[in-house]
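S.K.: Structure incoming, see below.
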Amino acid sequence: MKKVLLASSAIVAGAAFAAPAMAADGEIVWSAFTQFHASSQESDGQGATNKGLDFNTNSEVHLNAQTTADNGLTYGLHIELETDQNSTENTDENDIWVSGDFGKVVLGDNDSAGDALDVNATSVGFTYGMFNNFTGVGIPDHNGRTSVGFSDAGDDTKITYFTPNFNGFKAGISFAPDGDDGSTISESETGFNNHVDGGVNYSGSFNDFSVDVGVSGGTHEVGQSGADDQTYWGATGGIRVGYAGFKVAVAYSHEDQEDNFETDTFDVGVGYSTGPWGVTAGASFGNYEEDAAGGADDDNVAYSVGVTYEIAPGLNTWVSGSAGDYEGTGKAGDFTSVSTGLAVSF
């Protein structure tokens, strides 16, 4: 008989999501979290939401299970169920996986290899409400990016392979034939096709210093109704250094979709943690340029700061603020936002 456990899944101070509960062989482990957000946002433009005080929640239930066969293969599954009212999708991520001396293969709806191996400013431990994690605030409408990155396959159904760890080095690659997830089947001419992304990551420590370096990128075809597909590609690289509770990260990315647009983005983040406290700050600078004659050439900037506090195991609070200028006709323009809340996880 399988053991069924309720496992603690405490949120790491400054992290965006609850840490996954890991299952031992033969166990089915349930974990859950609920976050309450109070936030407000103001902007000069028409493209921002939540102009005033707003309350909202973010809640999920997770299931993890794994076992090891006599032949040495370890295999398992991971399911994340959305539990908020009026959620348009009842599942966030779900996958099955098999690992061994050859590495790890993941099949299903989960983050791609390029995203998993990426290093950018948010790697220092950004909390909710900071740029690239506007949870509870709403992403201000913009051209370009809110932080360094590229268009990966998100949680669309895919096949992913990760190599074993070789002296701190790890690589991975993902393939998604289209933008569908779950049981849906593509019937549209538009959207992306044949997406491939991957990356290489190094993680190590030297004396009292830790170093993480990630290089990743991806490409796919973007369907155009009544016209030829356009090729998209993006690449990013970043480094994070840690010492005595401090973490500093810098990253850069470039994207190009033929006959459409190009973007360049740079971001930097600094974090410090001591005991139950965490403090993070960062800035993102981007340029979005349309290829068409007379097209948009927009420069975007955002600044964020956040503080987290672990009140007790599995009970966390935070406060954060963001400000910047997201350019473009009908976009957010100058904006400010603040966010706070409480999170409980088990």
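The values are calculated or read from the model by the stated rules, or taken from the named source; none is laboratory data. Since this is a predicted model, take the numbers as computed values, not measurements. All Cβ positions, even for glycine, are placed from backbone atoms using ideal geometry, and neighbour counts span all protein chains on display. Heads up: the accessible areas ignore ligands, DNA and RNA and are worked out on the full protein's heavy atoms, side chains in. Shrake-Rupley method; radii C 1.70, N 1.55, O 1.52, S 1.80 Å.
S.K.: Do we find that Y232 is hydroxyl-bearing (S, T, Y), part of a strand (DSSP E or B) and open to solvent by 50 Å² or more (accessible area, probe 1.4 Å) in this structure? Break it down stepwise before answering.
M.R.: Values: hydroxyl-bearing (S, T, Y): yes; part of a strand (DSSP E or B): yes; open to solvent by 50 Å² or more (accessible area, probe 1.4 Å): no.
It is false that Y232 is hydroxyl-bearing (S, T, Y), part of a strand (DSSP E or B) and open to solvent by 50 Å² or more (accessible area, probe 1.4 Å).
S.K.: Restricting the search to region 320-346, which residues are open to solvent by 60 Å² or more (accessible area, probe 1.4 Å) and free of Cβ contacts under 8 Å to residues at least 60 places away in the same chain?
M.R.: T329, the sole residue that qualifies.
S.K.: Taking only pairs six or more apart or across chains, which ones have beta-carbon atoms under 9 Å, a first residue in region 122-142 that is in a helix (DSSP H, G or I), and a second residue that is surrounded by 24 or more Cβ atoms within 10 Å (Cβ to Cβ) and among the charged types (D, E, K, R)?
M.R.: Correct list of pairs: T122/D267.
S.K.: Looking only at region 310-319, filter to residues that are in contact (Cβ under 8 Å) with a residue 24 or more places away in the chain, of a type in the set (A, V, I, L, M, F, W, C) and more than 16 Å from M130 (Cβ to Cβ); which one of those is most open to solvent (accessible area, probe 1.4 Å)?
M.R.: I311
S.K.: Which condition number in (1) more than 18 Å from the chain's Cα centre (by Cα); (2) crowded, with 21+ Cβ neighbours inside 10 Å is the one that A176 fails?
M.R.: A176 satisfies every listed condition except (1).
S.K.: Let me ask something else about it. Please state which of the following conditions G114 fails to meet, knowing it meets all the rest: (1) touching an Asp or Glu at 6+ places or on another chain (Cβ under 9 Å); (2) surrounded by 24 or more Cβ atoms within 10 Å (Cβ to Cβ); (3) assigned to a loop (DSSP other than H, G, I, E, B).
M.R.: So the condition that G114 fails would be (3).
S.K.: Output the residue which, of all residues in region 136-154 that are closer than 16 Å to S337 by Cα, open to solvent by 30 Å² or more (accessible area, probe 1.4 Å) and not acidic (D, E), is farthest from the chain's Cα centre (by Cα).
M.R.: Result: H142.
S.K.: Could you please give the count of residues in region 213-229 that are open to solvent by less than 60 Å² (accessible area, probe 1.4 Å) and either under 18 Å from T160 (Cβ atoms) or in contact with a Gly (Cβ under 8 Å, 6 or more places away or on another chain) (or both)?
M.R.: 9
S.K.: Ok, one more. Output the residues belonging to region 305-346 that are within 15 Å of T146 (Cα to Cα) and outside any strand (DSSP E or B). Walk me through how you get there before you give the answer.
M.R.: Filtering region 305-346 for residues within 15 Å of T146 (Cα to Cα) gives 305, 321-328, 331-337.
Answer for region 305-346, where residues must be within 15 Å of T146 (Cα to Cα) and outside any strand (DSSP E or B): E327, G328, K331, A332.
S.K.: Going through region 131-161 one residue at a time, which ones are closer than 19 Å to V200 by Cα and among the aliphatic types (A, V, I, L, M)? Steps first, please.
M.R.: Kept after step one, since they are closer than 19 Å to V200 by Cα, are these residues of region 131-161: 148-154, 158-161.
Result: V148, A153, I159.
S.K.: Return only the number of the condition from (1) among the acidic types (D, E); (2) open to solvent by less than 60 Å² (accessible area, probe 1.4 Å); (3) farther than 27 Å from G103 by Cα; (4) at pLDDT below 95 that D267 does not satisfy.
M.R.: Status for D267: all satisfied but (4).
S.K.: A further question follows. Given region 1-76, what strands (runs of 3 or more DSSP E) lie entirely inside it while holding 1 or more residues that are modelled with pLDDT of 90 or more, of a type in the set (S, T, N, Q) and closer than 30 Å to G245 by Cα?
M.R.: Answer list for region 1-76: 27-43, 54-68.
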